[in-house]
Amino acid sequence: MWGKEGAWSLGVLVLSSFAMGFILGLAAGEPPGHVSGTVTVGGVALSGAVSIDGSSTVYPVTEAVAEAFMERYPGVVVTVGVSGTGGGFKRFVRGETDINDASRPITQVEAELARENGVEWVEIPVALDGLTIIVNSGNTWVDCLTLEELRMIWEPGSRVRFWSDVRPGWPREEIRLYGPGPDSGTFDYFTERVVGEAGSSRTDYIASEDDNVLVEGVSRERYSLGYLGYAYYVENRDRVRAVPIDGGNGCVAPTDESIASGRYPLSRPLYIYVNREGIEGRAELREFVAFYLREAPRLVPRVGYTPFPERYYRVAEALVRAGVYEDFAEIAFRGAGIDGEG
């Protein structure tokens, strides 16, 4: 199972009879209203702008989609910012952006602010991630960490200062910690999953919303430790090393297979949140989201994340093109027993 109680298991896809009719059309070739080799939708040339902000973890996927989309539709300008999941939601709930990239679900407080501002949203899972614990490539002593050891290291008031405080026999060298800042959805997920409470963390670490900064720091300091999204590890695996994690069933390294199967204890879904009024009323935004889902099976693994089964993306794209904006999470995960919260 995916959730707070342990590892996840991918649910059986829930296929609505309504969507199946559109899937048959999609399977035959181009999506409805789409003409191959043109920059039009339904015979109308697309133009306008799509504004996106949010998670640095989701950024590589969205940036890859945005670049491909603008090549096909040069009349539409897509901007992708990186201010962290929480920072992006601050703008999204005020109606300042069209899409928020998110490495966690929207919180109750954020949802209430959105409703107060008259902002409705559509939640769409786009990929799977395995939050990855990294150490310097010169670290020869850490072959696995338990969730309890991670909690000891990162909890508020932690007494862990040296590696030897984690396990006797490890070097009596100070651990240099790197991690996302409090505006990051990765920070929220990690603190809730590992420490036991979202936002609860020691503060004496080097924080950045830019995962590249975290990689740079850990790659330079032999006694360092950090955490970030799986794609950033994959991109830099020649510079840092991933630590297998024991969630109670033995040590498991993050891989596409272990993340997709849920065996890796720090697996989680990644999302985009779309302004509902925008997707219902603006062709360029609707086409961008449909294009995102169409290209995700190809682009998600290219940037280092794990895709859902291709059938999910085809159903989700069909629903967007049909103007149906409900239950994407239920389609991605089996409705019973999976909450998508990590």
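Data overview
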read-out: Yes/no for residue 297 being out of contact with any strand residue (DSSP E or B) (no Cβ under 7 Å at 6 or more places or on another chain) and not in a strand (DSSP E or B); value: yes
read-out: Scan of region 175-210 for residues that are surrounded by 20 or more Cβ atoms within 10 Å (Cβ to Cβ), in a helix (DSSP H, G or I) and either of a type outside the set (A, V, I, L, M, F, W, C) or not assigned by TED's automatic domain parsing to the domain that holds residue 233 (or both), ordered by number; value: 185, 186, 188, 189, 191, 193
read-out: Among the residues listed as 76, 109, the single one being in the same structural domain as residue 293 (by TED's automatic domain parsing) and in contact with a strand residue (DSSP E or B) (Cβ under 9 Å, 6 or more places away or on another chain); value: 76
read-out: Scan of region 211-223 for residues that are of a type in the set (D, E, K, R), modelled with pLDDT of 95 or more and surrounded by 16 or more Cβ atoms within 10 Å (Cβ to Cβ), ordered by number; value: 216, 221
read-out: Subset of region 300-311 [surrounded by fewer than 23 Cβ atoms within 10 Å (Cβ to Cβ) and either in a helix (DSSP H, G or I) or without any contact (Cβ under 8 Å) to a residue 40 or more places away in the chain (or both)]; value: 301, 302, 310, 311
read-out: Residue list for region 112-127, restricted to those being under 19 Å from the mean Cα position of the chain (by Cα) and either within 13 Å of residue 275 (Cβ to Cβ) or among the hydrophobic types (A, V, I, L, M, F, W, C) (or both); value: 121, 122, 123, 124, 126, 127
read-out: Filtered residue count, region 241-268, keeping only those that are surrounded by fewer than 24 Cβ atoms within 10 Å (Cβ to Cβ) and either charged (D, E, K, R) or not in a loop (DSSP other than H, G, I, E, B) (or both); value: 11
read-out: Residue satisfying all of: in region 77-106; modelled with pLDDT of 95 or more and hydroxyl-bearing (Ser, Thr, Tyr); nearest to residue 300 (Cα to Cα) among these; value: 79
read-out: Flag if residue 231 is assigned to a loop (DSSP other than H, G, I, E, B), hydrophobic (A, V, I, L, M, F, W, C) and within 18 Å of the chain's Cα centre (by Cα); value: no
read-out: Region 97-114, residues that are in a loop (DSSP other than H, G, I, E, B) and out of contact with any helix residue (DSSP H, G or I) (no Cβ under 6 Å at 6 or more places or on another chain); value: 105, 106, 107
read-out: Index of the failed condition, residue 152 passing every other in (1) within 26 Å of residue 105 (Cβ to Cβ); (2) of a type in the set (A, V, I, L, M); (3) free of Cβ contacts under 8 Å to residues at least 24 places away in the same chain; value: (1)
read-out: Every residue from region 120-163 that is touching a Gly at 6+ places or on another chain (Cβ under 6 Å) and either small (Gly, Ala, Ser) or crowded, with 20+ Cβ neighbours inside 10 Å (or both); value: 129, 134
read-out: Candidates 213, 135, filtered to the one that is outside any helix (DSSP H, G or I) and hydrophobic (A, V, I, L, M, F, W, C); value: 135
read-out: Out of 138, 130, 179, sole residue that is more than 30 Å from residue 278 (Cα to Cα), in contact (Cβ under 8 Å) with a residue 60 or more places away in the chain and in contact with a Leu (Cβ under 8 Å, 6 or more places away or on another chain); value: 130
read-out: Meets criteria (assigned to a loop (DSSP other than H, G, I, E, B), farther than 26 Å from residue 210 by Cα, in contact with a Lys or Arg (Cβ under 9 Å, 6 or more places away or on another chain) and aliphatic (A, V, I, L, M)) for residue 142; value: no
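The values are calculated or read from the model by the stated rules, or taken from the named source; none is laboratory data. What you are looking at is a predicted structure, and each value in this text was computed from that prediction instead of being measured. Neighbour counts are summed over all protein chains in view; Cβ atoms, including those assigned to glycine, are modelled from backbone coordinates with ideal geometry.
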